[in-house]
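The values are calculated or read from the model by the stated rules, or taken from the named source; none is laboratory data. Please read these numbers as outputs of a predicted model, since none were measured by experiment. Please note: Cβ atoms are built from the backbone with ideal geometry, for glycine as well, and neighbour counts cover all protein chains shown. Quick note on the areas: whole protein, heavy atoms, side chains included, nothing else; ligands and nucleic acids left out. Shrake-Rupley method; radii C 1.70, N 1.55, O 1.52, S 1.80 Å.
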Amino acid sequence: MKLIGSLTSPFVRKARIVLAEKKIEYTFELENPWDAKSRVPDANPLGKVPVLVLEDDSTLFDSRVIVEFLDRLSPLNKLIPTDNREKIEVKRWEALADGVLDAAVAVVLERRRPSKQRSEPTIKRQLEKIERALAVMSRDLGDKPWCTGNSFTLADIAFGVALGYLDFRHGSYDWRVLHANLAKLAAKLAERPSFADTVPHEAPAADAKPKK
Ligand code: GSF
């Protein structure tokens, strides 16, 4: 099994954390989907990562499909409950966390546009989504040890990835001050090897000259 992705994509990180938690062997193929020569569109017509390539060369996307497939692949460390209500609660957390990511990525892309083309109202609208979503996460988490109660699930993975991405790309936004309970869970998650081993960072430039 092969995972195609980048070191900065939070959606790829979600899939990598699930692979690590489930102890599933895979090869990781680094691809920048924004590169003009990227081969990602050959694997996913939408041109987005992550893509999971199976043994028969069929491909799976997007991250929500990939993580659900992986969870059912092995009974070890179940991340998505089988009970319908419990499963939907986990998937709702995932939708909320992924929605934070969609908005956070949209802000990054908007800020990269030349200043004359950049839309401040668009940035504001996306930041408001993030603020509202974090307030709901904080309310729903309350003082529970994990997002959905007493056990670690995919909800916690999606949650930790979303907050980790805010630290990576929106470091000046101090969500910890506003939501102490989110900060506490994020700190607990960051200690897991699956999270520590996948902290987002830029890949070294391919054409970087070796230091003398
Ligand atoms: C989102 C994937 C995505 O936006 C999922 O897998 O859950 N709903 C999808 N991937 C971005 C990289 S990132 O921002 O994580 C991507 O591949 N963008 C390339 C493009 O052309 O949009």
Checklist entry - If you check every pair at least six apart or on different chains, which have Cβ atoms under 6 Å apart with a residue in the stretch 48-62 that is over 13 Å from Glu31 (Cα atoms) first and a residue that is not β-branched (Val, Ile, Thr) second? => result Val53/Lys2; Thr59/Ala43; Leu60/Leu52; Leu60/Phe69; Phe61/Asn44
Item to check | Residue satisfying condition, being open to solvent by less than 20 Å² (accessible area, probe 1.4 Å) and either touching a residue at least 40 places away in the same chain (Cβ under 8 Å) or out of contact with any Phe, Trp or Tyr (no Cβ under 6 Å at 6 or more places or on another chain) (or both), within set Val100, Val105 | outcome: Val100
Checklist entry - Does Glu120 fit the bill of being farther than 28 Å from Leu30 by Cα, surrounded by fewer than 19 Cβ atoms within 10 Å (Cβ to Cβ) and charged (D, E, K, R)? => result yes
Checklist entry - What residue, among those in the stretch 9-52 that are more than 25 Å from Gly99 (Cβ to Cβ), in contact with a Leu (Cβ under 8 Å, 6 or more places away or on another chain) and of a type in the set (A, V, I, L, M, F, W, C), is least open to solvent (accessible area, probe 1.4 Å)? => result Ile24
Next on the checklist: Given the condition touching a Gly at 6+ places or on another chain (Cβ under 6 Å) and not polar (S, T, N, Q), answer yes or no: does some residue in the stretch 42-54 qualify?
Outcome noted: yes
Checklist entry - In the stretch 147-168, how many residues are in contact (Cβ under 8 Å) with a residue 12 or more places away in the chain and surrounded by fewer than 17 Cβ atoms within 10 Å (Cβ to Cβ)? => result 0
